[in-house]
Every structure is written in C-alpha cells, then in structure tokens.
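Undergrad: What follows is a single structure, and I will ask about it in a moment.
The values are calculated or read from the model by the stated rules, or taken from the named source; none is laboratory data. Because the structure is a prediction, the values reported are computed rather than measured. Cβ: placed from backbone, ideal geometry, glycine included. Neighbour counts: every protein chain shown.
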Amino acid sequence: MIPRVALPWRNGLRLRVPSGSRGCSSSSHNTLRNDDGRPIVISPPLVSLDIPDDWAPSPAHSCFSSPISSSNEQTATVIDGKFIADEIRTRIGSEVRRMKEGIGMVPGLAVIVVGHRRDSQTYVRNKMMACAEVGIKSMVAQLPEDCTKDQLLGALSSFDADPSVHGILVQLPLPQHLDEGKVLDVLRPEKDVDGFHPLNMGNLAMRGREPLFIPCTPKGCIEMLLRSGVEIAGKKATVIGRSNIVGLPTSLLLQRHHATVSIVHAFTKNPELITCEADIVVTAAGVPNLVRGNWLKPGAVVIDVGTNPVEDPSSEHGYRLTGDVCYEEAVRVASAITPVPGGVGPMTIAMLLSNTLDSAKRVYAFT
C-alpha cells in the first residue's frame, strides 16, 4: 500500500538562509490567522525571502558529481492534497465566522463564466460549493458563448464597483473572439484573486516586491511542498510547461524560494535529460503520461498539475482523469508525489478561498 502524507502544522519552514538575514518565519505580520493563533497558510511573504546573493568562489579542484543512481526500488509517499486543503478550508471557515461576528461582514467572490464548457461549469460549481462551505458569499455572472467584449467588461465593471465583492475571477479559457489579456488589464489588481493581472505577476517576478495575490495553483504547489517538509532553497527544480496560469508563475515562485529553476516546454530538446536532474518536478503540460519514470531522478519530489480526461468505458462518465506523470512508474522512483485527482486540484480552490479572505481582510483592516 502506498503511504499518504498530510503532515500536521509545522512551527517553522525548512528553508536554510544565512544567519542575520531577514526572517522567513510563517509568523509574519500579514499571514492570515484564525482565533487559535495558528496561520491558515504557512507560505511566508515573498519579501521576507529576499536575501542577498552572496556568491562563494568554487574551489579550484571542484567538479560536477555523477548523477545519483539506485538499484533499490522504492515507493513514493503520496502527498494528500485533499487532506491538506480540507484543513486549510476549515481554518478559513473559522476566520470568516470571526469576521462576521466581529464586524458583521464576510468576504465576497464573483465569478464570470462565458459559454457552457463542461469543464468550466464543473470548476465553477466546485468553487461555489467551497465558498458556501466556509461562509464566503459567492455570485456568478453567466454570459453566452457569443457575448461581446463590452458585455464581458460590463459584468466585470459591475463587480468591480460592488464593495461587497472582494475577489473577481474570469473563468478561463475564454472563447477565441475575446482577448484574455485585455480583459485582465481591466480587472482591478486589488480584486484579482486569481493573481493574473500584470501588476501582480510583475511583483511576483521582482525581488523586493510583494504581489497582492499569488496565482492559486502555483501557491498551492508551494504550500504542499512546505507542509510536506520539502526543502526548496538550493534545490534544482524543473517546471514542465510555461503557461501564464501555472508554468510561468510556478517558476517565478520557486525562484523566490531560492530554487534553481529550469523550464521545459514543447520546443525543449531532450526534456528528459533536464528533468532527470531535478530534485523537484512540477509538471503542467496537459499531456497524459508525458513524464515517465526514467525522466525522474531517484528521490525526486513530483507535483503533478495535469488533469487530463482519458477515455475509459469502464468509468461512470466514460472517462477518467490522469496527470502528466505516468503514476505507476513514478511512484517507484520518486520520494513523494501528488495524485490525480486528489492532489493539486483541491489546493487550487483552497488558495482561491485564502486569497479572497486575504482581500476582505485588507479592505476592512481586519486582523
């Protein structure tokens, strides 16, 4: 039986920094906390991680070591994203109740959906259910597939002007006739709980800057690594996929946590040679079973963001979900791995709720 892990609350992060540097503790002033004083999300503010790059000269005799090899078959620990997300959502619910009792207000999340894509409808339904579970007010604007840009921007402006709405997200992808970039440009960064506005993405990329919101899926990936005791600083990480939604912000976030990051994409030659050097692999390519066991360094930690429907007549719906990683092979090589489903997906929704709560706290100066 494959062991599953959802480690309890950790008092500190396993992030080694030089003595005298600014603290990386999760007890920073702007970490969300509930009434028992424990943080909801343990990822620290990014500016607290910004330490100088002090390069030490390499010894003249130093050389690269050989790749690690192992003949002993191992079974990876499964990082239980659903368990971790449930714990986070419980604490968010407690904090929302405290806000309602203290100031009579609750966070509000608005979602704009264009068209009737089955996957988008499912994602939105899950988000609305999660909001109801923790006490966050939610609302949905459903627009037709052939809606105009002005209609979409009108819905966006309406939610932007509503003071009870603290977070707005436009469910992606949009139909081809609508420019996603222009839509995101109109969204106020203060309500961009998806973290895709250029200002939030730019602040994520720049040392010394703190985005108002970190994109939910990358934030969830880092949160799982931290809660599972995975050391990020100084490690080699490979991100497979470079989308604006997952790949790009994940690579930026790993760099802010001091990993040495390589990005693999469709034009990369010999991607398996790059990936097999990584201590941490995050894959978001959207290609079923792309990453095979021989792509992985023995003992690597694998975060599989892929959620790909694969035909399966034996399944109730005629298909099953699989990740980008060939799971059956990877569990015999990796030290830890996220399952699909039950890994990154629940964490993405938990981080959306956390960002929405964070936004409301900022608006109401609620501590």
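Undergrad: Name the residues in the stretch 80-138 that are closer than 21 Å to E223 by Cα and among the small types (G, A, S), would you?
TA: G81, A85, G93, S94, A130
Undergrad: Something else about it: Which residues, counting only those in the stretch 96-112, are surrounded by 13 or more Cβ atoms within 10 Å (Cβ to Cβ) and either in contact with a strand residue (DSSP E or B) (Cβ under 9 Å, 6 or more places away or on another chain) or free of Cβ contacts under 8 Å to residues at least 60 places away in the same chain (or both)?
TA: Those that are surrounded by 13 or more Cβ atoms within 10 Å (Cβ to Cβ) and either in contact with a strand residue (DSSP E or B) (Cβ under 9 Å, 6 or more places away or on another chain) or free of Cβ contacts under 8 Å to residues at least 60 places away in the same chain (or both): R97, K100, V106, P107, G108, L109, A110, V111, I112.
Undergrad: The conditions are (1) surrounded by 15 or more Cβ atoms within 10 Å (Cβ to Cβ); (2) part of a helix (DSSP H, G or I), and L212 fails exactly one of them. Which is it?
TA: Status for L212: all satisfied but (2).
Undergrad: Between R207, R125, which is among the basic types (K, R) and in a loop (DSSP other than H, G, I, E, B)? Explain how you work it out, then say what you get.
TA: Working: R125 fails: in a loop (DSSP other than H, G, I, E, B).
Testing whether each residue is among the basic types (K, R) and in a loop (DSSP other than H, G, I, E, B) leaves just R207.
Residue-by-condition table, conditions (1) touching a residue at least 24 places away in the same chain (Cβ under 8 Å); (2) among the polar types (S, T, N, Q); (3) at positive phi:
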site	(1), (2), (3)
S228	yes, yes, no
E231	yes, no, no
A237	yes, no, no
G241	yes, no, yes
H258	yes, no, yes
V264	yes, no, no
L273	no, no, no
D279	yes, no, no
V282	yes, no, no
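Undergrad: Here's something else I'd like to know. Restricting the stretch 73-116 to residues that are under 23 Å from A161 (Cβ atoms) and part of a loop (DSSP other than H, G, I, E, B), which is farthest from the chain's Cα centre (by Cα)?
TA: Once the filter is applied, the top-ranked residue is G104.
Undergrad: Please verify whether G115 is touching a residue at least 60 places away in the same chain (Cβ under 8 Å) and on the phi > 0 side of the Ramachandran plot, treating the condition exactly as stated. Steps first, please.
TA: Working: touching a residue at least 60 places away in the same chain (Cβ under 8 Å): yes; on the phi > 0 side of the Ramachandran plot: yes.
So G115 fits the description; yes.
Undergrad: Also, I was wondering about something else. Within the stretch 209-253, how many residues turn out to be of a type in the set (G, A, S) and under 22 Å from V287 (Cβ atoms)?
TA: Summing the residues that are of a type in the set (G, A, S) and under 22 Å from V287 (Cβ atoms) in the stretch 209-253 gives 6.
Undergrad: Then there's this: Of the residues T90, T122, which is within 21 Å of I42 (Cβ to Cβ), surrounded by fewer than 18 Cβ atoms within 10 Å (Cβ to Cβ) and of a type in the set (V, I, T)?
TA: Answer to the check: T90.
Undergrad: I'd like to verify a number: residues in the stretch 228-246 that are surrounded by fewer than 24 Cβ atoms within 10 Å (Cβ to Cβ) and either in a strand (DSSP E or B) or of a type in the set (K, R) (or both), how many?
TA: The number of residues fulfilling the criteria is 3.
Undergrad: Let me ask something else about it. What strands (runs of 3 or more DSSP E) completely inside the stretch 257-355 contain at least 1 residues that are surrounded by fewer than 22 Cβ atoms within 10 Å (Cβ to Cβ)?
TA: So the answer is 260-264, 308-311, 319-322.
Undergrad: Say we look at the stretch 133-187 and pick out the residues that are part of a loop (DSSP other than H, G, I, E, B) and charged (D, E, K, R); which of these is surrounded by the most Cβ atoms within 10 Å (Cβ to Cβ)?
TA: Of the stretch 133-187, the ones part of a loop (DSSP other than H, G, I, E, B) are 135-136, 144-148, 162-166, 171-179, 187.
With the extra rule that they be charged (D, E, K, R), the set shrinks to 145-146, 162, 179.
Working: E145: 11, D146: 10, D162: 14, D179: 12.
Result: D162.
Undergrad: While we're on this one: Looking at the stretch 51-62, is at least one residue modelled with pLDDT under 95, acidic (D, E) and farther than 30 Å from E145 by Cα?
TA: Scanning the stretch 51-62 turns up at least one residue that is modelled with pLDDT under 95, acidic (D, E) and farther than 30 Å from E145 by Cα.
Undergrad: While we're looking at this one, here's another question. All but one of (1) closer than 22 Å to S120 by Cα; (2) in contact (Cβ under 8 Å) with a residue 40 or more places away in the chain; (3) more than 18 Å from the chain's Cα centre (by Cα) hold for T217; state the number of the condition that does not hold.
TA: Among (1) closer than 22 Å to S120 by Cα; (2) in contact (Cβ under 8 Å) with a residue 40 or more places away in the chain; (3) more than 18 Å from the chain's Cα centre (by Cα), T217 violates only (3).
Undergrad: Quick one: which residue in L296, L254 is over 21 Å from E223 (Cβ atoms), out of contact with any Ser or Thr (no Cβ under 6 Å at 6 or more places or on another chain) and at pLDDT 95 or above?
TA: Being over 21 Å from E223 (Cβ atoms), out of contact with any Ser or Thr (no Cβ under 6 Å at 6 or more places or on another chain) and at pLDDT 95 or above holds for just one of L296, L254, which is L296.
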